[in-house]
Amino acid sequence: MGFYSNYVVPRFVTCACGSKPIVRQRQKVVPRARGKILEIGLGAGHNIPHYDHERVDRVIGIDPCETSWQLAQERVNAVPFDVEFLAGSAEDIPLDDDSVDSVLLTFALCTIPDPLAALSEAKRVMRPGGELVFCEHAQAPDESVQRWQARINPLWKRLAGGCNLNRDIVGLIRTAGFDINELEQMYLPNTPRIAGFNVWGTAIPRS
Ligand SMILES: C[S@@+](CC[C@H](N)C(=O)[O-])C[C@H]1O[C@@H](n2cnc3c(N)ncnc32)[C@H](O)[C@@H]1O
């Protein structure tokens, strides 16, 4: 990875991921994860303080960016449960089938190059009874916002480390073979609408 993607992007993303409206979103979803948890796209570990300690056995975070793991250290050291880091890609998760209770995905499906492959891997590693917990920014429902998202996306993607503004996140989750259990959505306050439409909830593998 070059200087920009290895040094600048993780710090820029860390800054954006710590905004108040996004922290509020984390508080809504992260405590839902339980047991042995796989967090896809761990980044700088912004979710770590929001796990419910009573429900967590351990967290395994996967991310190809090792700089992010360095940025996560303070948060990792502050919690009473183990957080293990796997340097790798969500499209090829080095875990056994049926080996985790929850998979957490926050603000990562926008960036993962092959989101369907990542979701299919999430399904594979999930135990029967397991749950996908997600919160992502997504393609907006309003056509005027969608048009701006499509216009800006090529430049945004280059500057923001591969992040896409306009993925149909719920459609991807369903296409990958999950049923949505709970779904909420809104434009985040104090956030540009092109990047502020959030979808969050839980999903289970379709039987
Ligand atoms: C916008 S950041 C979000 C980080 C974190 N999930 C959060 O909520 O703060 C997107 C993350 O996805 C990671 N990522 C990119 N490609 C990935 C892949 N193929 N597999 C797993 N993670 C990936 C990036 O390195 C980055 O840490």
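Mind ranking 44-52, 17-25, 184-192 by how tightly packed they are, going by the mean number of other C-beta atoms within 10 angstrom, highest first? Intermediate results must be reported in sequence, preceding the final value.
Numbers: 44-52: 20.8, 17-25: 14.9, 184-192: 13.2.
So the peptides 44-52, 17-25, 184-192, ranked by packing, come out 44-52, 17-25, 184-192.
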Open item on the list: Per 0.36 nm of contour for each residue apart, how much would the distance between LEU159 and ASP96 grow if the chain were fully extended, relative to their Cα-Cα spacing?
Closed with: 19.2 nm
- [ ] Stick to Cα atoms and the Kirkwood definition of Rh, then tell me Rg/Rh for the chain.
- [x] 0.93
Task: Residue-averaged 222 nm ellipticity for the chain, from DSSP H runs of 4+ at -39500 (n - 2.57), nearest 500 - done: -9500 deg cm²/dmol
Task: Residues with amide H under 5 Å from that of LYS36, placed H, sequence gap 5 or more - done: ASP57, ARG58, ASP101, SER102
- [ ] Go ahead and set up a Gaussian network model of the chain, Cα springs under 10 Å, then flag whichever of PRO94, PRO64, PRO80 fluctuates most.
- [x] PRO80
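Pull out the extension gain between ARG151 and ARG55, defined as 0.36 nm times the separation in residues minus the alpha carbon to alpha carbon distance; nm, one decimal. Show your work: numbers first, answer last.
On the way: separation 96, 0.36 × 96 = 34.56 nm, distance 4.25 nm.
The ARG151-ARG55 span can extend by a further 30.3 nm.
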Task: Among ILE62, VAL170, ILE40 the positive-end extreme of the charge dipole of the stretch 3-205 (Cβ point charges) - done: VAL170
TODO: Would you mind working out the magnitude of the charge dipole of the stretch 68-117 relative to its Cα centre, with +1 at each Lys and Arg C-beta and -1 at each Asp and Glu C-beta, to the nearest 20 Debye?
DONE: 360 debye
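Values quoted throughout were computed directly from the atomic coordinates according to the rules given, and no laboratory measurement underlies them. The model shown is predicted, which means the values in this text are computed figures rather than measured ones. Note that each Cβ is placed from the backbone with ideal geometry, even for glycine, and that neighbours are counted across all protein chains shown.
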